[in-house]
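Below you'll find the structure, written out as structure tokens, and then a few comments.
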Amino acid sequence: MIFLWDIFPPTRILSVMDGEADKGINPEPGNILVLALKKILRPLVRLFIANQITHPYMVNLLKAIYVEVAETEFPVNDKKQTDSRISLLTGVHRKDVKRLRNENLNRYQPPASVSIGAQLISRWLGDHDYLDASGRPLPLPLRTQDTPQKLTFDHLVEDIAKQDLRPRVVLDELLRLGLVEQDKNGQVILKSEAFIPQAGLEEKLYFFGKNIQDHICAASHNISGRTPPFFDRSVYYDKLSQESIDTLTEMCHRIGMRALLEINEKALELQTRDKSRHVDRYRMNFGIFNFSTDYDEKDDNDE
């Protein structure tokens with residue numbers, strides 16, 4: 001569904017992003033879609049300018065993406081795509097289409113620490129062997145001669161990284177990212193901020209792209225009326241004090257983290273089961289966010 005904030009009263013708003021919009025409301029699709037795009041693009045353009053990504057650069061990047069999407073996702077009766085048809089679909093000049101289709105674009109590879117680090121943290125938070133009686137992640141000693149039978153940080157790394165990867169290298173990277181710390185006895189402790197690394201720009205940008213992409217894909221799926229719809233809702237209130245914002249922010253963090261941990265535990269259990277059945281074909285992404293800022297009626301309504 002399209003963002004429908006403005007058709008509701010200004011308070012107590014629950015978004016209708018999963019196919020439950022009022023059937024009697026039929027806004028002009030073109031105008032509402034442009035309004036939604038302005039909302040999406042404004043913070044992106046702010047990010048672009050802050051990182052010296054210019055308009056000419058984005059134009060060229062968009063051309064390449066238009067051509068790629070048209071070629072791979074809009075075929076006609078399984079016929080071979082032509083430059084002319086892609087040009088018709090996208091508005092990109094046929095000469096540019098031909099050039100872009102022949103370019104060998106380098107595929108971005110995520111930083112190695114993203115894959116290993118994310119899997120390690122998920123296992124540490126979701127596997128009962130690595131949790132104490134209250135469900136909190138256990139401090140893990142490094143492997144020593146005195147702990148051959150006890151779970152260690154080295155065991156955890158070796159369980160995740162089947163290739164030859166030294167646990168010390170992984171530990172140094174997690175320490176750099178601020179995801180773990182070591183106590184006076186040398187035990188490795190998973191910090192509560194593990195889902196929000198304070199360092200590692202490459203890692204943050206990787207998940208930024210991955211999460212925003214999947215959120216937009218879910219919303220686009222719902223807008224198109226496909227079934228079953230994905231769950232995509234949020235709670236919106238304005239006219240709040242800073243004290244109220246602080247209270248709600250703390251509540252969002254507490255409830256959100258609990259939901260993430262519960263989903264992570266179940267997903268790890270199901271992934272382990274599915275791998276043994278050789279049916280690992282699909283992926284999923286579950287996210288939670290909260291945001292607050294000064295209320296600007298013009299910015300909120302995008303007139």
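The values are calculated or read from the model by the stated rules, or taken from the named source; none is laboratory data. What you are looking at is a predicted structure, and each value in this text was computed from that prediction instead of being measured. Virtual Cβ from ideal backbone geometry, glycine too; neighbours counted across all protein chains shown. We work out accessible area using only protein heavy atoms, side chains counted, and drop any ligands, DNA or RNA first. Shrake-Rupley method; radii C 1.70, N 1.55, O 1.52, S 1.80 Å.
Structure notes:
- Within the range 270-303, considering residues that are assigned to a helix (DSSP H, G or I) and under 21 Å from the mean Cα position of the chain (by Cα), the one modelled with the highest pLDDT: Leu270
- The C-beta contact set for the range 30-56 (first residue closer than 14 Å to Ile212 by Cβ, second residue part of a helix (DSSP H, G or I), distance under 7 angstrom, 6+ apart or interchain) comprises Phe48/Met58.
- Residue count, the range 62-84 (criterion: open to solvent by less than 70 Å² (accessible area, probe 1.4 Å), part of a helix (DSSP H, G or I) and free of Cβ contacts under 8 Å to residues at least 24 places away in the same chain): 4
- Among residues that are surrounded by 14 or more Cβ atoms within 10 Å (Cβ to Cβ), charged (D, E, K, R) and either touching a residue at least 40 places away in the same chain (Cβ under 8 Å) or not in a helix (DSSP H, G or I) (or both), Glu203 is included.
- Considering residues of the range 211-228 that are open to solvent by less than 70 Å² (accessible area, probe 1.4 Å) and either of a type in the set (Gly, Ala, Ser) or modelled with pLDDT under 85 (or both) only, the residue farthest from Met284 (Cα to Cα): Gly225
- Number of residues in the range 73-119 that are modelled with pLDDT under 85 and out of contact with any Asp or Glu (no Cβ under 6 Å at 6 or more places or on another chain): the value is 20.
- Matching residues, the range 216-249, being in a helix (DSSP H, G or I) and within 21 Å of the chain's Cα centre (by Cα): Ile216, Cys217, Ala218, Ala219, Ser220, His221, Asn222, Ile223, Thr249
- Taken over the range 136-158, the criterion of being at pLDDT 80 or above, part of a loop (DSSP other than H, G, I, E, B) and open to solvent by less than 80 Å² (accessible area, probe 1.4 Å) is satisfied by Leu138, Pro139, Pro141, Leu142, Leu151, Thr152.
- Of the set (1) open to solvent by 100 Å² or more (accessible area, probe 1.4 Å); (2) touching a residue at least 24 places away in the same chain (Cβ under 8 Å); (3) of a type outside the set (Lys, Arg), all apply to Ser292 but (1).
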